[in-house]
Amino acid sequence: MASSPVELLRSAAEDAPDLPALRCGNFEITYRDYARAAAALAEKLVALQSDPPSPIVICLPNSIEIALFIFAAQATGAAVCTLNPGYTRRELKIVLDDAQPGVIVCAHEKAADIEAISPPSQSRPHLWALERGELDGRAFVAELLAEWERSRPELPIPSAETIGALLYTGGTSGRPKGVLLENGAIAANVEQRERMLPTEKDSERILCVMPLFHTFAISMCLHLAARCRGLLVIMPRYRPDWVLEALENHRITRLPAGPTVFNGLLGFDGVDRFDFSHLKCAYSGSAPLPKSTLNAWAELTGAALYEGYGQTEAGPILSYNSPAAPIRAGSVGKAAPHTQIEIVDALDPDRILPVGQIGEIRARGPQIMSGYLNAPDATAEALRGGWLYTGDLGRLDEEGYLFIEDRKKDMAIVGGYNVYPREIDEVLSAHPAVAEAAVVGVSDAYRGEILAAHVVLRAGSDASEEDLRAHCQEQLVKYKVPAVLRILEDLPRTSVGKIDKKELRARAEGSRS
């Protein structure tokens, strides 16, 4: 097994140097040039770093450059911290003050924001701002390859024990925390994914529509492609028509994405005119996948859609549906190889619950984080006795399939009954008029909490709130039927595209005050 994801790239360049590795727009590079450019870039980053190296922050849009910087930064032995280029100054400052990076890489237009929040000059990190022209790939790669020719450096491989990634959690429930992942843990998770979702060497074509600052895209696009020596087609941003054209024109074999993307593609006018014959499968992650989406995708494309589960603290994958066993709709599959998953009482974590009962999910395996940066109390709360306590609620069935019910904090208690909003999400999503649904618990003086549902309708639908409430009444016991049901144009989202239930809860609370 590789000791670091960087080893995957170097091996691919040695074994298949002429295969296409990265494509963005009309620019494509081979694995030979990929590794050489990353090696030259690593040399430049080392020259800017302290010893031992501080974290390297990469705040770039989807591009060939972000792929190169991620591998090059890791090769230096530094922890790579990828950030959303859309962050505000406030959001950037929170992370940068915590991470204390030695180098910050960003697009030129973001430099002013970073300069404005940087510390005094004596402790100021080196700021590397890429001009717009450098983000088209060609000139940047050409310069790096010319530098490689002058000294011909080898792409260095960091040790498995060094921290390879410093990834900040989404911050939807407070101040974001920096997750520390060793290179060996990241590489182990790549192999676990390969065991569950095997690829074919030298022939895969993977489409990256998700932002490469996000851990799911890094794992399921960047690392997956290097592991199988496949072509990674990087889209600068998501647009359903661009994705559908790319699937057809690039003969894409694997599509990792979130449920929002799949819903958007399914709802695109004329989607049935596109050719999906090259697509072997798709991978869903980062948010719950409605059963209706899974079924509609399979019917449209003929390709399986595998849903998995994980979190940044778990490298990020803990479980997946896979070709090795039947897909179980509503389940996130079985535990990854060398991973144990248990369900424990949310109030008494020493009590392991039997099959079928809902409790907190805990896991252990080689992919689990080392801890949170500068947060010993949060680390001690999350890592106990060798287990990662995920804060998610779920259950296991008799065959070991895991079902996610909700976050612990999202469980609503309605009139003394525990209610898991995801169940109502699923019921609403199954209605033919519903494109997306999100349910939250809202405080109520009489019942403790009530349920507030927020729904986006499919284009052309004229379903009413009364229609949707009647649908819920047909499917759910009375206390699970939302007391509040609103039809919206769209749902608020976090910086990584997840439905922002914290914002929905705040809106619902505000409307009742």
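So what is the relative contact order of the chain, in percent, for Cα pairs below 8 Å that sit 6 or more residues apart?
Computed value for the chain: 12 percent relative contact order.
Under 5 Å between amide H atoms, partner at least 5 residues away or on a different chain: which partners does Asp392 have, H built in plane at 1.01 Å?
Ile361, Lys408
Using DSSP to call loops (not H, G, I, E or B), can you name the trypsin sites (Lys or Arg not before Pro) in region 219-273 whose Cβ has at most 12 other Cβ atoms within 10 angstrom?
Those satisfying the criteria are Arg237.
Would you work out which of Ala437, Pro421, Asn26 lies farthest towards the positive end of the dipole of the chain, given +1 charges on the beta-carbon of Lys and Arg and -1 on that of Asp and Glu, about the Cα centre?
Value computed over the given set: Pro421.
Please give, to one decimal in nm, the separation of the simple spin-label points placed at Ile413 and Tyr446, each 7 Å out from Cα toward the Cβ.
Those two pseudo-labels are separated by 2.0 nm.
Can you run phi through the Karplus equation (6.51, -1.76, 1.60; θ = phi - 60°) for region 44-60 and list ³J(HN,Hα) in whole Hz, with x for Gly and Pro?
5, 5, 4, 5, 9, 9, 8, 10, x, x, 7, x, 10, 8, 10, 10, 10
Could you tell me how many degrees, from 0 to 90 and to the nearest 10, lie between the Cα long axis of helix 291-301 and the main elongation axis, the longest principal axis, of the Cα atoms of the chain?
Approximately 60 degrees, to the nearest 10.
Return the aspartates and glutamates within reach of Lys110: Cα separation strictly under 20 angstrom, same-chain partners fewer than 8 residues apart disregarded; answer none if there are no such residues.
Partners found: Glu65, Glu91, Asp97, Asp98, Glu131, Glu134, Asp136.
State to the nearest 20 debye the size of the charge dipole of the chain about its Cα centre, where the only charges are +1 on K and R beta carbons and -1 on D and E beta carbons.
Its charge dipole is roughly 380 debye.
Using +1 at the Cβ of each Lys and Arg and -1 at the Cβ of each Asp and Glu in the chain, identify which of Leu255, Ala40, Leu92 lies farthest towards the dipole's positive end.
After comparing all options, I get Leu92.
Near the amide H of Leu488, under 5 Å away, which other amide H atoms are found, from residues 5 or more places off or on another chain, if H is placed in the peptide plane?
Val455, Val456, Leu457
Could you give the nm distance between label points at Arg152 and Ser123, where each point is 7 Å from its Cα heading toward the beta carbon?
4.4 nm
Please work out the average accessible area per residue across region 344-386, using the 1.4 Å probe convention, and give it in Å².
Accessible area per residue, region 344-386: 53 Å².
Using only Cα atoms, tell me the angle between helix 465-475 and the longest principal axis of the chain; keep it within 0 to 90° and round to the nearest 10.
It is inclined by approximately 80 degrees.
So what's the angle, to the nearest 10 degrees on a 0 to 90 scale, between helix 64-75 and the longest Cα principal axis of the chain?
The angle comes out at about 80 degrees.
Could you tell me what percent of the accessible area of the chain is made up of carbon and sulfur, with a 1.4 Å probe and every protein chain present?
Percent of accessible area from carbon and sulfur atoms in the chain: 49.
Which pairs in the list Lys44/Lys498; Lys478/Lys498; Lys334/Lys478; Lys478/Lys501 are over 25 Å apart, alpha-carbon to alpha-carbon?
Violating the 25 Å limit, Cα to Cα: Lys44/Lys498; Lys478/Lys498; Lys334/Lys478.
Could you pull out the trypsin sites (Lys or Arg not before Pro) across region 303-356 that fall in loop regions by DSSP (anything but H, G, I, E, B) with no more than 12 other Cβ atoms inside 10 Å?
Loop-located and lightly packed - Arg351.
Check which residues have an amide H placed less than 5 Å from Arg384's amide H, if you skip close sequence neighbours.
Under 5 Å from the amide H of Arg384: Tyr389.
Report the full-extension gain for the segment Glu131 to Glu28: residue separation times 0.36 nm, less the Cα-Cα distance, to one decimal in nm.
35.1 nm
How far apart, in nm, are the 7 Å Cα→Cβ label points at Leu488 and Asp202?
Spacing of the two 7 Å Cα→Cβ label points: 5.0 nm.
GluC sites (Glu not before Pro) within region 172-212: which are DSSP loop residues with at most 15 other Cβ atoms inside 10 Å?
Taking region 172-212 and a limit of 15 other Cβ atoms within 10 Å, the loop GluC sites (Glu not before Pro) found are Glu200.
Need one number for the chain: average projected area of the convex hull over its C-alpha atoms, nm².
Value for the chain: 24.1 nm².
The values are calculated or read from the model by the stated rules, or taken from the named source; none is laboratory data. If you're wondering where the values come from, they're calculated on a predicted model, not measured in any experiment. In this analysis, Cβ positions are derived from the backbone assuming ideal geometry, glycine residues included, and neighbour counts consider all displayed protein chains. Heavy atoms of the whole protein, side chains included, go into the accessibility calculation; ligands, DNA and RNA do not. Shrake-Rupley method; radii C 1.70, N 1.55, O 1.52, S 1.80 Å.
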